[in-house]
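Asks: Encoded as structure tokens, here's the structure I'll be asking about.
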């Protein structure tokens, strides 16, 4: 006589098999996905230095490198990085041009200009191109990882020595092309009072945590307001939002 299996045995066996299969999956037991970083710079030693520093971080993965602007765009389209560290002065295509093109092929990528250039026009053009950060290469290498995390988390970064220049550039926007603006008026996007408050604090260079403390709201609420502002203005970075807001006279600098 054939012995019968114990009641529920098939279910237990199936459950056990499923558990074994799950444990064998490549992503089993993994934490959050690392931040994927692309390094674009025409100096091989500088790229190598950044790679060595970033690869020491468990939550950061270098997924590609590029030695010129055209290669940076191609690599970004293929690797789809979360963050791109991009030099402004590169052959074939400048960092500014590559920044614009990268936003086309990898719209979700946050681009940080990491450069020796402290020229105001470079800073301004980088923001207009969609950069989320602008840091000078004299930044300590051990701070680059924190910059990557901050930008990936939705913050905008700018080297302290450049902050005053940026605000000065914003302050001149209200008068720039004023005749053209009057001739062809553009309807300003409608921001709520709270969104306006957040935008003004962003313009002062405050991060989400400081804005939350200033307005007595949670950091998550600040993030939601910033996301809504970017969507309404149809742009990608906080700094670009401030630039457009000043141009359309949503906010003013004294």
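Asks: So residue 77 passes all but one of these: (1) without any contact (Cβ under 8 Å) to a residue 40 or more places away in the chain; (2) closer than 16 Å to residue 112 by Cα. Which condition number does it fail?
Replies: Result: residue 77 passes all but (2).
Asks: Oh, and also: Picking from 96, 88, which residue would you name as being touching a strand residue (DSSP E or B) at 6+ places or on another chain (Cβ under 6 Å) and either in the same structural domain as residue 138 (by TED's automatic domain parsing) or without any contact (Cβ under 8 Å) to a residue 24 or more places away in the chain (or both)? Spell out how you get there, then give the answer.
Replies: Details: 96 fails: touching a strand residue (DSSP E or B) at 6+ places or on another chain (Cβ under 6 Å).
Within the list 96, 88, the selection yields 88.
Asks: Does residue 118 fit the bill of being surrounded by fewer than 19 Cβ atoms within 10 Å (Cβ to Cβ) and assigned by TED's automatic domain parsing to the domain that holds residue 151?
Replies: Working: surrounded by fewer than 19 Cβ atoms within 10 Å (Cβ to Cβ): yes; assigned by TED's automatic domain parsing to the domain that holds residue 151: yes.
Yes, satisfied.
Asks: May I ask you to list the residues in segment 116-132 that are closer than 13 Å to residue 235 by Cα and part of a loop (DSSP other than H, G, I, E, B)?
Replies: Matches in segment 116-132: 129, 130, 131, 132.
Asks: To continue, here is another question. So which residues in segment 80-92 are surrounded by fewer than 19 Cβ atoms within 10 Å (Cβ to Cβ) and within 14 Å of residue 108 (Cα to Cα)?
Replies: To start, the set of residues in segment 80-92 that are surrounded by fewer than 19 Cβ atoms within 10 Å (Cβ to Cβ) comprises 80, 89, 91-92.
80 - this is the single residue of segment 80-92 that is surrounded by fewer than 19 Cβ atoms within 10 Å (Cβ to Cβ) and within 14 Å of residue 108 (Cα to Cα).
Asks: Right, another one. Would you say residue 219 is at pLDDT 85 or above and at negative phi?
Replies: Spelling it out, residue 219 is indeed at pLDDT 85 or above and at negative phi.
Asks: Shifting gears a bit: Looking at the structure I just gave you, is residue 139 surrounded by 21 or more Cβ atoms within 10 Å (Cβ to Cβ), at pLDDT below 85 and under 24 Å from residue 98 (Cα atoms)?
Replies: So residue 139 fails the test.
Asks: Can you spot a residue in segment 162-179 that is outside any helix (DSSP H, G or I), modelled with pLDDT of 75 or more and surrounded by fewer than 18 Cβ atoms within 10 Å (Cβ to Cβ)?
Replies: Checked against the condition, which is being outside any helix (DSSP H, G or I), modelled with pLDDT of 75 or more and surrounded by fewer than 18 Cβ atoms within 10 Å (Cβ to Cβ), segment 162-179 yields no hits at all.
Asks: For segment 94-106, give me the residue count where each residue is more than 16 Å from the chain's Cα centre (by Cα) and either at pLDDT 95 or above or closer than 15 Å to residue 39 by Cα (or both).
Replies: Looking only at that region, the number is 1.
Asks: Hey, another quick one. Just checking: which of the strands (runs of 3 or more DSSP E) contained wholly in segment 25-104 hold 1 or more residues that are more than 24 Å from residue 121 (Cα to Cα) and in contact with a helix residue (DSSP H, G or I) (Cβ under 7 Å, 6 or more places away or on another chain)? Show your work before the answer.
Replies: On the way: elements: 35-40, 60-66, 83-86.
Hits in segment 25-104: 35-40, 60-66.
Asks: Would you mention how many residues in segment 38-73 are surrounded by fewer than 16 Cβ atoms within 10 Å (Cβ to Cβ) and over 17 Å from residue 137 (Cα atoms)?
Replies: Count: 5.
The values are calculated or read from the model by the stated rules, or taken from the named source; none is laboratory data. Fair warning: this is a prediction, and the values are worked out from it, not measured in the lab. In this analysis, Cβ positions are derived from the backbone assuming ideal geometry, glycine residues included, and neighbour counts consider all displayed protein chains.
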